[in-house]
1. I'd like the full set of residues that are surrounded by 14 or more Cβ atoms within 10 Å (Cβ to Cβ) and in contact (Cβ under 8 Å) with a residue 40 or more places away in the chain, limited to the range 55-68.
2. Would you say residue 127 is assigned to a loop (DSSP other than H, G, I, E, B) and surrounded by 13 or more Cβ atoms within 10 Å (Cβ to Cβ)?
3. What are the residue pairs meeting all of these: first residue in the range 38-54, first residue at positive phi, second residue of a type in the set (Ser, Thr, Tyr) and outside any strand (DSSP E or B), Cβ atoms under 7 Å, and 6 or more apart or on different chains?
4. Going by the structure shown, is residue 81 at pLDDT 90 or above and either touching a helix residue (DSSP H, G or I) at 6+ places or on another chain (Cβ under 9 Å) or of a type outside the set (D, E, K, R) (or both)?
5. Whether any residue in the range 100-121 is among the basic types (Lys, Arg) and in a loop (DSSP other than H, G, I, E, B) is what I want to check.
6. If I filter the range 32-57 down to residues being at pLDDT 90 or above and charged (D, E, K, R), which single residue comes out as farthest from residue 114 (Cα to Cα)?
7. Every residue in the range 69-90 that is assigned to a loop (DSSP other than H, G, I, E, B) and either touching a residue at least 24 places away in the same chain (Cβ under 8 Å) or over 15 Å from residue 51 (Cα atoms) (or both), please.
8. So, in the range 97-118, how many residues would count as being surrounded by 11 or more Cβ atoms within 10 Å (Cβ to Cβ) and modelled with pLDDT of 80 or more?
Amino acid sequence: MNSPTPNNAPLLDRHEPHNFNPKNDPAAPAARLGVSRMKSLGDTNGKKQQILRLTEERGTDYNSRIWILKCLHCLNVYGSNSTDAWERKCPKCQSGADGSAIPTERNDVNWTNDEHILAFRLYNDIPFGTIPCNAVS
C-alpha cells in the first residue's frame with residue numbers, strides 16, 4: 001500500500017474527528033462550542049442565570065455593557081458584563097466572581113414584576129426610621 005505524499009495526499013473530510021476542531025470553525029453552531037446566545041430579556045445560561053435587564057452602562061470588558069442577571073436557584077440579583085453572561089455563575093450560591101454594581105438608570109422603562117418584588121424586599125429589609133430625611137431627592 002502506498003503511503004500518501006504531499007502531492008497525492010487524500011483530502012480529508014473536515015467533519016472527521018481527527019482533523020476537525022469546532023472551536024476553529026467559524027461556521028460551527030454555538031451549541032457545539034458550548035456557548036449560549038444570551039441576548040434578550042428572559043434568556044438563561046447553562047448555570048441557570050437569567051437576564052433581567054439590559055443596560056447601556058459600560059462594563060469592565062472591552063465593548064461590553066452591564067446586564068442584570070438573576071440566579072434561578074437562590075434568586076440573587078447582580079450585575080454582569082454582557083461578554084461573560086453566557087458562562088456566569090452566581091456569586092452567592094455557585095461561588096462565581098463578585099457581580100458588578102447594578103446601574104440605576106431606567107430611561108422611562110416600567111419595572112418588571114421581578115424588579116418590583118426585589119425593590120419591595122429591599123425596602124422591607126431597611127429598619128424603620130433609619131433612612132435619613134435628606135436622602136430623598
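The values are calculated or read from the model by the stated rules, or taken from the named source; none is laboratory data. Just so it is clear, the structure is predicted and the values come from calculations on it, not from any experiment. Cβ placement follows ideal geometry from the backbone for every residue including glycine, while neighbour counts extend to all protein chains displayed.
1. 55, 57, 59, listed by residue number.
2. Details: assigned to a loop (DSSP other than H, G, I, E, B): yes; surrounded by 13 or more Cβ atoms within 10 Å (Cβ to Cβ): no.
In short, no.
3. Sorted first by the residue in the range 38-54, then by its partner, the list stays empty.
4. Working: at pLDDT 90 or above: yes; either touching a helix residue (DSSP H, G or I) at 6+ places or on another chain (Cβ under 9 Å) or of a type outside the set (D, E, K, R) (or both): yes.
Considered against the rule, which asks whether it is at pLDDT 90 or above and either touching a helix residue (DSSP H, G or I) at 6+ places or on another chain (Cβ under 9 Å) or of a type outside the set (D, E, K, R) (or both), residue 81 comes out as yes.
5. yes
6. Looking at the filtered set, the residue picked out is 47.
7. Just the residues of the range 69-90 that are assigned to a loop (DSSP other than H, G, I, E, B), to begin with: 72-76, 88-90.
Passing the criteria: 72, 73, 88, 89, 90.
8. Counting residues in the range 97-118 that are surrounded by 11 or more Cβ atoms within 10 Å (Cβ to Cβ) and modelled with pLDDT of 80 or more gives 12.
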